[in-house]
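*Asks:* Take this structure first; my questions come after.
Just so it is clear, none of the values below were taken in a lab; they were calculated from the coordinates. As the structure is a prediction and not an experimental result, all values here were calculated from the model. Please note: Cβ atoms are built from the backbone with ideal geometry, for glycine as well, and neighbour counts cover all protein chains shown.
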Amino acid sequence: MAGLRLSGVRPKFLGPVDLELAAGELVFLSGPSGSGKSLLLRALADLDPHEGEVLIDGTRRSGMSAPEWRRRVGLLPAESHWWTESVGDHFSESSGETTDLLRKLGFGSQVLSWSVARLSTGERQRLALARLIANRPEVLLLDEPTANLDPTNRDRVEAVVQDYRRDRVAAVLWVSHDPDQRLRLDGRRLFIANARLEAET
């Protein structure tokens, strides 16, 4: 797997940001609403215009195609998007690995036949994470993935992300408003203040 390096990245309302995430490292990002956390993740996923450069494993974003970058650097937005009616249509394959991932997130394999319209907000969040991880990105950008979950499902999501980070040596940048979560999972903690990144104390 690969690390991620930000050099002078300046999305709207934030920056410039210089930051390095080692392969396998977990970094939490917090800050007031509107401070630019989601905008930073979208810039790193190459979904919004920004100044500066982002590199994965030493390769510049500008040096590879957008589809290749988004395959390697995967974003889980705060509100997931679904393009067709069936859950299963959003997974490229239905393998034993996918079934195991769904089980860890509290689903049986029959969930792949469900209609997206029947899903609760929390189910959509967990399935969007499964969909992202099934694509095996090298870097995870997570925008409040446990915000609408009960404690049981929050714990499931935390365990799945931690297992993926360990097993795939994936760098993880995780936006979280939960101070207990940031302490519990013991990642590096950063805070946005005055349009800059600072270490959380």
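*Asks:* Tell me the Rg and the Dmax, in Å, that the Cα atoms of the range 12-58 produce.
*Replies:* Every Cα atom of the range 12-58 included, Rg and Dmax give 11.2, 32 Å.
*Asks:* Report Rg(Cα)/(2.2 N^0.38 Å) for the range 4-199, keeping two decimals.
*Replies:* Normalised Rg, Cα atoms only: 1.00.
*Asks:* Now for a different question. With springs only between Cα atoms under 10 Å, which of Q110, Q181, Q162 fluctuates most in a Gaussian network model of the chain?
*Replies:* Largest GNM mean-square fluctuation: Q110.
*Asks:* While we're here: Could you tell me what percent of the DSSP beta bridges with both partners in the chain are antiparallel, to the nearest 5?
*Replies:* 50 percent
*Asks:* Neighbour counts of other C-beta atoms within 10 Å: give me E79, E200 arranged from fewest to most.
*Replies:* Final ranking by Cβ density, sparse to dense: E79, E200.
*Asks:* Further question: Please rank W69, W114, W83, fewest neighbouring Cβ atoms within 10 Å first, as an exposure proxy.
*Replies:* With the sparsest Cβ surroundings first, the list reads W83, W114, W69.
*Asks:* Using the Kirkwood radius over C-alpha pairs as Rh, can you work out the diffusion coefficient of the range 97-182 via Stokes-Einstein at 10 °C, viscosity 1.306 mPa s, in µm² per second?
*Replies:* 119 µm²/s
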